[in-house]
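Taken together, the values in this text are just the output of simple stated rules run on the coordinates, not laboratory data. What you see is a predicted model; the values in this text were computed from it and never measured. Here Cβ is always computed from backbone atoms with ideal geometry, including for glycine, and neighbour counts include all displayed protein chains.
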Ligand code: TYM
């Protein structure tokens, strides 16, 4: 079986963008592939984190994974900092990465603009991400569109290492959903939906109340044309159609057919229902799982053990090839 690898940062509550672009697709891959799903706390600290919050958020993401349907019997679920090999391979890869390549990453440029205090860790973020993926010889990486550049650099590094030494790493491929790879802000469809948006109506959290979910959808921007079409000129509506398609399984064309004679109001009403229904099982399960500390602990401990075993196999090869003396 081929290997699937992905991760999510524990940096606050997740949005339905994270759900549609990533988490939802993790679930579907579990039966066909050997999957590893990580909570990337080491990535989270590339910007300032309150230690207490980070601990809470890490367990929140773990509980979300489980509530969404990740099954520790099928997939390896673990916390990045529990497996030191990530930092170790990350270091080796850092010595092979061009500074210019890192400085050109759009995510780095965006974040560097947003934070006054920019640390080296933020610049080196994609190298650690490459280490995450390459340690496990992953063939596929399910992520949203915003991660494409990071997957490119991962492929570059893998190819560079393989040709400098010898065949070592599998070259991974990005896996994005057909619709919903980039969910946009509900208030400004030209920017990505993000939990750090200052306007709380711009995003829906996976754990928002049903009432807030419906309310935010009603307040979402569409346009004044009144026409019901799936087009880039109607970016607000297009985004809502994508959200609908992701939860209902209908194609954008089917959705247009159904609503073209009904209008935005009725569509939004139904969309609220589709999202609320789609998230209900997850929302119901979350609290119980989150409160079960012993269960969460058993999941991440077992995950760390399995992940370490696989990661160390790759790391040993790498250390040998670069010329480190084995202990
Ligand atoms: P993160 O934590 O920012 O986001 C987690 C996942 O959610 C996706 N996503 C979106 N998808 C669609 N529309 C949106 N508006 C939206 N916002 C976020 C992201 O693309 C991502 O898939 N660097 C990664 C974490 C990471 C990782 C890895 C991923 C670290 N190591 C190894 C895969 C493999 C990140 O910051 O994701």
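Give me the percent of DSSP beta bridges within the chain that run antiparallel, rounded to the nearest 5. Antiparallel bridges make up about 10 percent of those DSSP assigns within the chain.
Placing dummy labels 7 Å off each Cα toward the beta-carbon, the span from residue 50 to residue 178 is 4.3 nm.
Ranking of 306, 2 by neighbouring Cβ atoms within 10 Å, starting from the fewest: 2, 306. Taking the alpha carbon gyration tensor of the chain, multiplying each eigenvalue by 5 and rooting it gives semi-axes of 36, 22, 19 Å, largest first. Relative to the longest principal axis of the Cα atoms of the chain, helix 51-68 runs at roughly 70 degrees. Hey, what angle do you get for helix 293-322 against the long axis of the chain, alpha-carbon based, 0 to 90 degrees rounded to 10? Compared with the principal axis, the helix lies near 50 degrees. Taking Cα atoms, how many degrees apart are the long axis of helix 264-291 and the longest axis of the chain, rounded to 10 and kept between 0 and 90? The angle comes out near 40 degrees. Placing a label point 7 Å from the Cα of residue 160 along the Cα-to-Cβ direction, the residues of segment 128-145 whose backbone N falls under 14 Å from that point are 128-131. Over all alpha-carbon pairs in segment 200-287, figure out the percentage whose distance exceeds 22 Å. Pairs farther apart than 22 Å: 23 percent.
A simple spin-label model places pseudo-atoms 7 Å from Cα toward Cβ; at residue 321 and residue 251 they are separated by 4.2 nm.
Subtracting the Cα-Cα distance of residue 152 and residue 284 from their residue separation scaled by 0.36 nm leaves 43.8 nm.
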